[in-house]
Every structure is written in structure tokens, then in C-alpha cells.
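Take a look at the structure set out below.
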Amino acid sequence: MAGRGRGLGIAALVVGLLGVALAGGAWLYGRDAYGSGTLSSPSMEPAYHRGDRIVWERMDGSGVRRGDVVMLSMPGRYGTDGVVMQRVIGVGGDRVACCTTAGNEARVTVNGRPVTEPYVYAGDADGVNRSYDVKVPEGRLFLLGDRRSDARDSRFFASDHGGTVPVDAVRGRVTDGRTGPALLGTALLAGGALVLAGGGLGIASLVVRRRRAPVVPPAPWPVRHR
């Protein structure tokens, strides 16, 4: 029985350490790989609404493509130390212009071709009747909000490199996929469960050892002889 108690103690230590390693590793990786926040503006409707919880994959702007929704930080432009959410319309070397008519709709053009944008609010690709024709410098991005009538984006900063932003202002790309975050959440829960299981095994080990501990009789009272 004493051996059983020692075995439970060893199992408790191993399981507990595995749990700490799994949960700690998942937490550290998640902190470095993803960011999250709550959207405070309607500028990305209808795909994203004010109050939505947003998860983004941390990355620099060199890896983003046209159509990606990115989180960027430009305190000097937007007056906030937080991140701003916008969509990439043009990358370095592109020519972005507004607007041309395709069918009955106004369309933004990239390199002379009308862009199909199913994500724009009410199908309004213009929004503010503000024309522009921008050649995006290398290492910069041209960004627009999806709700063009209510977005403070590249259109309003024409004097600063045509309204474009440097790629190093990007903090991450918004991901609608939940596989990565879900796996991290599962790892955190599994690690916590292992820690609890290790604690339970440790308690069981103490109980077993106490039950088998030898009972030491009390010392006899001294007898005085007269």
C-alpha cells in the first residue's frame, strides 16, 4: 500500500507538470500569435458590426493581399493609440481610382479594372462622392472601410502619400477562421484539466499514506516507587 501511495504521488507530479506545460505553452503562443478586441465603429459594416469581438492573426503588412481586412496602428493619423480596422484595396505598385460605372453600379478600379466588392455596405462603393486616382508607392497600402459613407480611410488623407499607409503600420490580419483560436482554447482547457487531475492524484496519495502510517502507542506514564 505504501508503494501505491508513492505511485500516486509520482503520477500527480507528472500529470500536474504536463498540465502546466500545456496550458502555459498555449497561453504564450496565443499571446504572440493572435490579438483580439471589440469593434467600436460601424465603418466595416455589413461584414463586421459595432460591438463585434474581432480576432486577428499578428503579422506585418508585407504578407497581406488585396481584399484582406487588417488591423493597423497610426496614432498620428487616427488620433488613437489603439488599432483601426480597414480593408486592403491596393498594394505597392497598384493604381486605385474611383469611380467607374459597371452596369448600374459605381465601382472602384484597381489597375484599370472594376473591382467586385460584395462586402460594401448597400452596394455603395463610393459613399461620399469623392473621386481619387492614386498610384500606391511600394511598401505602402491603400485602405478603405466597407461602409464607404461612414469610414475615415485613405480617401481623406490624400496629402500624405495619396492616403496610403506604410506596411509596417499593420499589426495583423483579421481571421474569420476559428480553428487556430479554438485549438488554443482546447489546449488551455486540457492543460487546466490535467492540473486539476494532478491535484486530485496528489490528494489521493496523501490519503493512502496516512491510512497506512503506523500507529505509535503513547509513551507509558512513569511509575513512582515508594
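With respect to GLU45, is the statement that it is at pLDDT 75 or above and either among the polar types (S, T, N, Q) or not in a loop (DSSP other than H, G, I, E, B) (or both) true?
No: the conditions fail for GLU45.
Determine which member of the set GLY5, GLY35, GLY25 is surrounded by 17 or more Cβ atoms within 10 Å (Cβ to Cβ), at pLDDT below 70 and not hydroxyl-bearing (Ser, Thr, Tyr).
GLY5
Name the pairs whose Cβ atoms lie under 7 Å apart, with the first residue in segment 160-172 and open to solvent by 30 Å² or more (accessible area, probe 1.4 Å), the second assigned to a helix (DSSP H, G or I) and not polar (S, T, N, Q), and 6 or more positions between them or separate chains?
Every condition considered, the pairs that remain are VAL167/GLY61; ASP168/GLY61.
Results for (1) part of a strand (DSSP E or B); (2) under 22 Å from VAL174 (Cβ atoms); (3) touching a Lys or Arg at 6+ places or on another chain (Cβ under 7 Å), shown as yes or no for each residue.
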position	(1), (2), (3)
VAL108	yes, yes, no
THR116	no, yes, no
ALA122	no, yes, no
ASP126	no, no, yes
ARG130	no, no, yes
GLU138	no, no, no
PHE142	yes, yes, no
ASP146	no, yes, yes
SER149	no, yes, no
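Please tell me if ARG148 is within 24 Å of GLY63 (Cα to Cα) and buried (at least 19 other Cβ atoms within 10 Å of the Cβ).
Criteria not met by ARG148.
Would you check which residues across segment 66-81 are of a type outside the set (S, T, N, Q), under 18 Å from the mean Cα position of the chain (by Cα) and surrounded by 11 or more Cβ atoms within 10 Å (Cβ to Cβ) and list them?
Across segment 66-81, the qualifying residues are ASP68, VAL69, VAL70, MET71, LEU72.
ALA122: surrounded by fewer than 17 Cβ atoms within 10 Å (Cβ to Cβ) and more than 28 Å from LEU39 (Cα to Cα), yes or no?
When the stated conditions are applied, ALA122 does not pass them.
The values are calculated or read from the model by the stated rules, or taken from the named source; none is laboratory data. Quantities reported herein were computed from a predicted structural model and do not represent experimental measurements. When we count neighbours, we look across all protein chains shown, and the Cβ atoms used for this are built from the backbone with ideal geometry, even at glycine. Note: areas computed on protein heavy atoms with side chains; ligands, DNA, RNA excluded. Shrake-Rupley method; radii C 1.70, N 1.55, O 1.52, S 1.80 Å.
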